[in-house]
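J.: Dropping a structure here in structure tokens format, bear with me for questions.
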Amino acid sequence: MSSDRADGPCPAAAAPGSGPAVSRQEFDALFETVRTWGRWAPADRGAWNRVTADRVRQAVARVRSGTVVPMGLPWNTRAGPDNRKPAVHRMTDLGDVEPPEPSTHKDFIAADYHGKAVTHLDALCHIAYRGQLYDGRTASEAVDAEGARFGAVSALGPLVTTGVLLDLPAVAGIRWLEPGQAVRARDIIAAEKALGVTIGEGDAVLLRSGHVRRREELGAWDPDTASAGLHVSAVPLLAERGIALLGADGDSDVRPSPVEGVHSPVHALAVAAMGVPLLDNLDLEALSAATAEAGRYAFLFVLSPLNVPGGTGSPVNPVAVL
């Protein structure tokens, strides 16, 4: 498998659909199978407790060229079908507010970032299923108008670990997966074999579907209606491998959801059952090119969310170091 197959004129494959359908009974059984409640202390760091000092050292030892690749999307202030609540950026000082020397320039930024346009981290308080957060905490008791008292982003701190890129379009020799295409366990295993990587305990797994490339070439669409991502049947494999973080250039869920009545089933399984925070809306195009050039798809991964007490997540700009 070579990188020029993914960059050539080969058209995108037709999406086979987001199924098979999963009943609520089957989904609830799967939730119980993968949940890790009561396993760690502190509980509101969830699967990040897997990242020991030894795993940090192992991740740092992967650095060879020193190439640094950021994965955050540009701050998006333009409304669109995938950006219903645009981020805010405005200037507050053009060198005319404070005393004259030295002149200063200041700005203000804000975002309702849990959407489809801002690269962000989902903390463990962000998702509840059947009224419960991770570790069985009652959501209505843990989260109120002042923020979260359990599972807040401030409890997570930074993450330094091994990152693994599952570059599915590169494996298939296509430009992107079509919206609605589901990624299953067999696809993950095939990607590992083709890319020469193996997902291990404490790893940050990044799923590239080519979402950003498709948007750049064909224009924006509503990812709530259709997006490539994981089918719920793939989650037990990731649970078995003991991952610490799951990220994607979409939001990890295939849409439409294959589970009736559950709009984001992978979010429910990863965050609420497994204690695995999620990274949504990554830009993995530069990382795809860099890993293909280096011929290796595991690297040092560094993430430092904002320290927001009670926060449900954070805008982020994670980096890979090859």
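The values are calculated or read from the model by the stated rules, or taken from the named source; none is laboratory data. Just so we're clear, the structure is a prediction, and the values are computed from it rather than from any experiment. All Cβ positions, glycine included, derive from the backbone under ideal geometry; neighbour counts span all protein chains shown. Areas reflect the complete protein model, heavy atoms only, side chains present, ligands, DNA and RNA absent. Shrake-Rupley method; radii C 1.70, N 1.55, O 1.52, S 1.80 Å.
J.: Run the helix sum for the chain: -39,500 (n - 2.57) per DSSP H stretch of 4+ residues, divided by residue count, reported at 222 nm to the nearest 500 deg cm²/dmol. Don't jump to the answer; show the numbers that get you there.
T.: On the way: 9 runs with 69 residues, N = 322.
When only DSSP H runs of four or more count, the value is -5500 deg cm²/dmol.
J.: Where a ≥ b ≥ c are the square roots of the eigenvalues of the C-alpha gyration tensor, would you call the chain rounded, which needs a/c under 1.5, or, failing that, prolate if a/b is larger than b/c, or oblate? Before the final figure, lay out each step's value.
T.: On the way: a/c = 1.33, a/b = 1.10, b/c = 1.21.
Here the chain falls in the rounded category.
J.: With 10 Å bins from zero, work out the P(r) of region 176-268 over every alpha carbon pair and list the percent per bin.
T.: 17, 50, 29, 5
J.: I would also like to ask the following. Taking each pair of different alpha-carbon atoms in region 19-82 once, compute 1/r for the pair, average those values, and report the inverse of that mean as the Kirkwood hydrodynamic radius in Å to one decimal. Can you show the working numbers first?
T.: On the way: mean 1/r = 0.0587 Å⁻¹.
By the Kirkwood definition, the hydrodynamic radius is 17.0 Å.
J.: If I model a spin label as a point 7 Å beyond the Cα along the Cα-Cβ vector, how far apart are those points for Ala61 and Ile109 in nm?
T.: With each label placed 7 Å out from Cα toward Cβ, I get 3.6 nm.
J.: How much accessible area per residue does the chain have, in Å², with a 1.4 Å probe? Spell out each step's value before the answer.
T.: Details: 14140 Å² over 322 residues.
Accessible area per residue: 44 Å².
J.: Select from Gly163, Gly261, Gly229 the residue whose mean-square fluctuation is largest in a Gaussian network model of the chain (Cα-Cα springs shorter than 10 Å).
T.: Among Gly163, Gly261, Gly229, the largest mean-square fluctuation in the Gaussian network model of the chain belongs to Gly261.
J.: Per the Kirkwood definition applied to all pairs of different Cα atoms, how many angstroms is the hydrodynamic radius of region 167-207? Let's see the in-between values first.
T.: On the way: mean 1/r = 0.0900 Å⁻¹.
Final number for the Kirkwood radius of region 167-207 is 11.1 Å.
J.: I want to verify a result. In a Gaussian network model of the chain, Cα cutoff 10 Å, which of these has the top mean-square fluctuation: Ala228, Ala29, Ala272?
T.: Highest fluctuation among the options: Ala29.
J.: Mind checking which aspartates and glutamates have their C-alpha under 12 Å from Lys193, skipping anything on the same chain fewer than 8 residues away?
T.: Leaving aside aspartates and glutamates fewer than 8 places away in the same chain, those within reach of Lys193 are Asp167.
J.: On to the next question. How are the C-alpha pair distances of region 96-158 spread across 5 Å bins, as whole percents from the shortest bin up?
T.: Cα pair-distance distribution for region 96-158, in percent: 4, 14, 17, 16, 14, 8, 6, 8, 6, 4, 3, 1.
J.: Which of these, Glu285, Glu217, Glu260, has the largest mean-square fluctuation under a Gaussian network model of the chain (Cα springs below 10 Å)?
T.: Its mean-square fluctuation being the largest, the pick is Glu217.
J.: Let me ask something else about it. With every protein chain present, what accessible area does Asp167 have (1.4 Å probe, heavy atoms only), rounded to the nearest 10 Å²?
T.: In the full protein context, Asp167 sits at about 0 Å².
J.: Can you give me the Rg/Rh ratio for region 62-129, using Cα atoms for both radii and the Kirkwood formula for Rh?
T.: Values: Rg = 17.9 Å, Rh = 15.5 Å.
My calculation puts Rg/Rh at 1.15.
J.: Quick check for me: using +1 on Lys/Arg Cβ and -1 on Asp/Glu Cβ, what's the dipole size of the chain about its Cα centre, in debye to the nearest 20? Can you show the working numbers first?
T.: Working: 30 positive and 38 negative charges, 161 e Å.
My answer is approximately 780 debye.
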